[in-house]
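**Q** Here it is, the structure, as structure tokens.
The values are calculated or read from the model by the stated rules, or taken from the named source; none is laboratory data. Small disclaimer: the values here were computed from a predicted structure and weren't measured. All Cβ positions, glycine included, derive from the backbone under ideal geometry; neighbour counts span all protein chains shown.
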Amino acid sequence: MLDLSNKRIVVTGGAGFLGKQVVEQLYAAGAKPEKIATPRSRDCDLRVLENCQKAVDQQDIVIHLAAHVGGIGLNREKPAELFYDNLMMGTQLIHAAYQAGVEKFVCVGTICAIPNLRPSHLKKMTSGKAIQKKQTHPMVLPRKLC
């Protein structure tokens, strides 16, 4: 198991629904609170390469959970904007981490990623109870690319 006690870790989306839980699990696994950074979107727009570079500078581990999300309504209203924003955040953060020599990079998709395209896959995920969620389709591709 990876020793986290001396690792500098950045968790994008660390203040979000999933991020808070991940940060707590990092603490439980031995990571030190003073070595975990959780940049907020209001202060660090990850669609901008320079901000990605600052976010990963001097970090050992990057856990990328940040995403432009807003529920089914926003998914339907602005699929291209969500696609672009999430693609840029993920791609630029991966590139910045590579350039900075980050030891480990973890990228996680959003909860709105169940397409209505593959019922057999849905059946496996839901123990045979396939749920069709046509509304979430616009988020599938942007998050699968990360």
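**Q** Does any residue in region 31-50 that is more than 22 Å from His95 (Cβ to Cβ) come within less than 7 Å, Cβ to Cβ, of a residue that is charged (D, E, K, R) six or more places away or on a different chain, and which pairs are these?
**A** Note: pairs meeting the criteria are Ala31/Lys7; Lys35/Lys7; Lys35/Arg8.
**Q** Please identify the pairs in which a residue from region 58-82 that is free of Cβ contacts under 8 Å to residues at least 24 places away in the same chain has its Cβ atom under 6 Å from the Cβ atom of a residue that is surrounded by 13 or more Cβ atoms within 10 Å (Cβ to Cβ), counting only partners at least 6 apart or on another chain.
**A** His68/Leu82; His68/Asp85; His68/Asn86
**Q** Look at region 22-43 and say how many of its residues are crowded, with 17+ Cβ neighbours inside 10 Å and not β-branched (Val, Ile, Thr). Talk me through it step by step, then tell me what you get.
**A** So in region 22-43, the residues crowded, with 17+ Cβ neighbours inside 10 Å come out as 22-23, 26, 31, 35-39, 41.
From the residues that got through so far, the ones that are not β-branched (Val, Ile, Thr) too are 26, 31, 35, 37, 39, 41.
Total meeting the criteria: 6.
**Q** Going residue by residue through region 61-70, is there one that turns out to be over 20 Å from Leu2 (Cα atoms) and over 15 Å from the mean Cα position of the chain (by Cα)?
**A** No, every residue in region 61-70 fails to be over 20 Å from Leu2 (Cα atoms) and over 15 Å from the mean Cα position of the chain (by Cα).
**Q** Still on this structure, please answer the following. Considering Gly71, Gly13, which residue is surrounded by fewer than 17 Cβ atoms within 10 Å (Cβ to Cβ), at positive phi and not β-branched (Val, Ile, Thr)?
**A** On the way: Gly13 fails: surrounded by fewer than 17 Cβ atoms within 10 Å (Cβ to Cβ).
From the options Gly71, Gly13, the qualifying one is Gly71.
**Q** Right, here's the next one. Run Gly90 past the list (1) modelled with pLDDT under 95; (2) over 14 Å from Thr12 (Cα atoms); (3) out of contact with any Gly (no Cβ under 9 Å at 6 or more places or on another chain) and report the number of the one that doesn't hold.
**A** With respect to (1) modelled with pLDDT under 95; (2) over 14 Å from Thr12 (Cα atoms); (3) out of contact with any Gly (no Cβ under 9 Å at 6 or more places or on another chain), Gly90 is out only on (2).
**Q** Still on this structure, please answer the following. Modelled with pLDDT of 90 or more and assigned to a helix (DSSP H, G or I): does that describe His121?
**A** It is false that His121 is modelled with pLDDT of 90 or more and assigned to a helix (DSSP H, G or I).
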